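Undergrad: Have a look at this one before I ask anything.
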Amino acid sequence: MRAVLLLSALFALVSCASLTEEECRAGDWFRIGLADGTEGRGPDRIEAHRRACADAGVTPDAEAWLKGRERGLRLYCVPQKAYEVGRQGRAIAEGCTPAERARMAPAYEWGRQYWRLELQADDLRGEIRDIDRELAALPPDSPRRGALFARRSLLLSRLGTVELQQRRYASWP
């Protein structure tokens, strides 16, 4: 799970071409700004669009983009979105004001707690799978089976506890 999250984050950083040539030529700058705002993008994002669209000979309509971004930020800079972002293990994007970020912080931390517990649960499930594979490979009369079953039982108990804790954080109150 951690590896998947890390690879996803790296992919997001590598694939930073902000727009395709077709998007630049279509020029729906309000929609592009709205999309950027709903992702919490900062005001510098327009510069990335300028660079992406330069080869196509297109200059962004900054005013339309700003209006769309402002509307999108109203959807992003709210506690429910902060909870979703935290639950995905991501950081709150830079576009929100300090006051908005302060209002979002409790929801974000609630979501982060869910995410942390999910990582723990995934680790426990992985250990249980490893034990199951080892048990399947052992002969039925192996003296090691007893210790593995005891370890598996302990892990299942811990997993149940983590999943029970996780239910508390399953949604933003």
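The values are calculated or read from the model by the stated rules, or taken from the named source; none is laboratory data. These numbers were taken from a predicted model, which means no experiment stands behind them. As a convention, Cβ positions derive from the backbone with ideal geometry for all residues, glycine included, and neighbour counts pool all protein chains shown.
Undergrad: Tell me yes or no: at least one residue of region 114-124 is hydroxyl-bearing (S, T, Y) and farther than 30 Å from L34 by Cβ.
TA: No.
Undergrad: Quick check on this structure: which one of A136, A105 is free of Cβ contacts under 8 Å to residues at least 12 places away in the same chain and either assigned to a helix (DSSP H, G or I) or not assigned by TED's automatic domain parsing to the domain that holds P43 (or both)?
TA: Answer to the selection: A136.
Undergrad: Let me ask another. I'd like to check something: does region 60-81 contain any residue that is out of contact with any helix residue (DSSP H, G or I) (no Cβ under 8 Å at 6 or more places or on another chain), within 18 Å of W172 (Cβ to Cβ) and surrounded by fewer than 19 Cβ atoms within 10 Å (Cβ to Cβ)?
TA: no
Undergrad: Mind checking which residues of region 85-106 are surrounded by fewer than 16 Cβ atoms within 10 Å (Cβ to Cβ) and within 22 Å of L119 (Cβ to Cβ)?
TA: Residues satisfying the conditions are Q88, A91, A105, P106.
Undergrad: Could you list, in sequence order, the residues of region 143-153 that are among the hydrophobic types (A, V, I, L, M, F, W, C) and either surrounded by fewer than 12 Cβ atoms within 10 Å (Cβ to Cβ) or not in a helix (DSSP H, G or I) (or both)?
TA: Passing the criteria: A147, A150.
Undergrad: Also, I was wondering about something else. Only one of these is closer than 30 Å to G126 by Cβ and at pLDDT 95 or above: R112, R69. Name it.
TA: Just a single option satisfies the conditions, and that option is R112.
Undergrad: A26 fails exactly one of the following numbered conditions: (1) more than 25 Å from E100 (Cβ to Cβ); (2) surrounded by 14 or more Cβ atoms within 10 Å (Cβ to Cβ). What is the number of that condition?
TA: Going through (1) more than 25 Å from E100 (Cβ to Cβ); (2) surrounded by 14 or more Cβ atoms within 10 Å (Cβ to Cβ) one by one, A26 breaks only (2).
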